[in-house]
Amino acid sequence: MHPPSRQDYVSITLAGQGSGIYNNSKQWRRQSCWRKWKQLSRLQRSLILFMLVLLLICGIASYPTITEHLRGLPDGDQEPDDALRQVLPHALPAPVKPGQLPLPEQTSKRKLSNKRGPPIILNHLQKNGNASNAVAQDKAADGKKEGEDQGVISWRGAVIDTEQGTEGTKDGENKEESPGNQEEKSTKESESKWLEAVQDAFRHAWKGYKDFAWGHDELRPISKSYSEWFGLGLTLIDALDTMWILGLKEEFEEAKAWVATELSFNKNVDVNLFESTIRILGGLLSTYHLTGDTLFLDKAKDIGSRLMPAFNTPSKIPYSDVNIGKGTAHPPRWTSDSTVAEVTSIQLEFRELSRLTEDPQYQAAVAEVMRQVHKLDGKLDGLVPMFINTNNGQFTHQGIYTLGARADSYYEYLLKQWIQGGKKETQLLEDYLQAIEGVQKNLVQKSSPNGLTFVGELSHGQFSPKMDHLVCFLPGTLALGAHNGLPADHMDLAKQLMETCYQMYLQMETGLSPEIVHFNMHQGSIRDIDVKLADRHNLLRPETVESLFYLYRFTKDHKYRDWGWEILQNFNKYTKVSSGGYTSVNNVRDPDYPSPRDKMESFFLGETLKYLYLLFSNDTDLVSLDRYVFNTEAHPLPIWPSTA
Ligand code: DMJ
């Protein structure tokens, strides 16, 4: 709720008022008014005239079509009033009409118009100036306005471009320029344009990091500062192989110089085992493979060995936190549990470290975790709970099954370890296949009214139609499995889920997905997707563009590139900060004020932009999926050569 706006009143008393004389004669009234006007002092008359002019100006300014005209926007570019939506959810039409789930062609036509939401909503809004006015007034009351009329969103002195950050992507042009519509034209020329758009986005993000956060973990682009998580230059390390893949040599060289001269792991600092493995160890290993530069391998060995104390637990299930300077490890202060996804999504990296160093201790430690998890009770058709105890090695908080946070990459790494090892470790494959069957049996449902396929959650036997954006890794993983010979129905499910993940973007007013959505399942629902107030944020996450990359590589269906192109443009439109960097946002449902969170997560450079670039590149040899397997932070590691 917005605070009520403060009203100031000016009271003027006219001479003669309250005399008790009242006559219905029009002429008398005119004469009487004129006489009263003449009786006023010059100052009073000027004041009244000034007030009238002011009222007139306010009236004009608050009339939406006129202001839109003055701002140079097309009529009807109004957006839904969130407050109205909250109070009267059924007053706004369904996002997509029954039976109108966009087909590839329909989607292509509609999506690039830059008017978020379906035409039916836009029509409603075209007629409804009041809702928009209410939003505008609330925002004025919030003190947020500066610069908005120039097509920018201003927040605490920083400015986010609302213009397309991608060259040549004005309304109308998009359709023509979109990847899928270019089939007939010179695809080479177009492709280089899309690739350049990703390079531009990277350079812009990098500029912010360089100017305000160099050597620190994350950029805070709005406040032009940084935040520390581990104090290890997380964004810089996460972005190394992206720069290499994008061909940004200059940027890569300066980052490499920092790694060579500044990066030290000899620090008295607690790091999260999982996060530092997937981002730092994974990033260094992949950069070593891509460049052949042993600087990165040496650094990888250093951080890898410093993380090993995490495995010194009674059960051999690792603790969540390690002090890489002291060589001590511990669970979080409030529990002796670790997260299942965290302890089962470090295997690709430690296995590779063993292969490269010929030191088996790393692989042995992570293999032991997999061995134990494999034989644990408490799974449901191959689905795992979210927590595991580091003392007794048992699952805890049982009965909740999700493909989202805390379990997601367990499934991803079953498949990817199997691929990494040359498809020989059949236990991993069996666990993966069983889990996917478990997903299909227990978690996959269809929404109403349009029948979107989604993956919900199960809590003590109760199904919840909740899906994290994180789950959008699954279409890509399923497609990767199918590409490697797993059942064809995995690919069918991948395609259906891909459509759903795309709809999670398309149906939001900014064209950006929220963190979590809820699907409607009851008959008579007017829309498929609902978003709770607390779930409206977008952290620049990669999962959907990651899956788009896999789906495009394996199907060559251009719609997937169209969708990625659209998402890139919306990142540019709503999250790009003019002074450099991109910011996560609080509200994907408010295109007028998505409310920046002032943080650029390292995975935006490590994953999101990398997957977009690979999606737009037609060079299937650029990180071939038959030679590399991506870790869960998008760092490619080699598939091991077979040793017959
Ligand atoms: C990344 O760190 C990894 O992709 C992880 O597996 C999930 N969360 C973020 C991105 O959303």
At most 13 other Cβ within 10 Å, DSSP loop - GluC sites (Glu not before Pro), region 228-274: Glu228, Glu262
Average projected area [Cα convex hull, region 490-644], square nanometres: 11.4
Enclosed volume per residue, in Å³, of the convex hull spanned by Cα atoms of region 268-326: 71
Qualifying chymotrypsin sites (Phe, Trp or Tyr not before Pro) for region 249-333 [loop in DSSP, other Cβ within 10 Å: at most 13]: none
Distant-in-sequence amide H partners of Glu457 (H built 1.01 Å from N, under 5 Å): Ser464, Lys466
Among the listed pairs Lys446/Lys559; Lys249/Lys326; Lys210/Lys556; Lys446/Lys532, those beyond 31 Å (Cα-Cα): Lys249/Lys326; Lys210/Lys556
Relative contact order (%) - criterion: Cα under 8 Å, at least six apart; region: region 335-487: 22
Cross-link pairs Lys256/Lys301; Lys299/Lys379; Lys301/Lys495; Lys188/Lys599 - those with Cα-Cα distance over 27 Å: Lys299/Lys379; Lys301/Lys495; Lys188/Lys599
With DNA, RNA and ligands ignored, accessible area of Met370 (1.4 Å probe; Å², nearest 10): 20
From phi via Karplus (6.51, -1.76, 1.60), per-residue ³J(HN,Hα) for region 314-330 in Hz, x at Gly/Pro: x, 9, 6, 7, x, 5, 6, 10, 10, 8, 6, x, 8, x, 10, 9, 6
Distance cut-off 13 Å, percentage of C-alpha pairs in region 376-416 lying past it: 51
Cα-Cα separations in region 404-513 greater than 23 Å, expressed as whole percent: 28
Column: log10 I(q)/I(0), Debye, Cα scatterers of region 246-292, q = 0.24, 0.29, 0.32 Å⁻¹: -1.06, -1.19, -1.21
Amide proton proximity set for Tyr582, modelled H, under 5 Å, gap of 5+: Val577
Heavy-atom accessible area order for Val259, Val53, largest first, 1.4 Å probe: Val53, Val259
Fraction of accessible area attributable to carbon and sulfur, region 185-294 (%, probe 1.4 Å): 45
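The values are calculated or read from the model by the stated rules, or taken from the named source; none is laboratory data. This one's a predicted model, so the numbers in the text were calculated from it and none came from an experiment. Cβ atoms come from the backbone with ideal geometry, glycine included; neighbour counts cover every protein chain shown. These area figures cover heavy atoms from the full protein model, side chains too; ligands, DNA and RNA do not enter into them. Shrake-Rupley method; radii C 1.70, N 1.55, O 1.52, S 1.80 Å.
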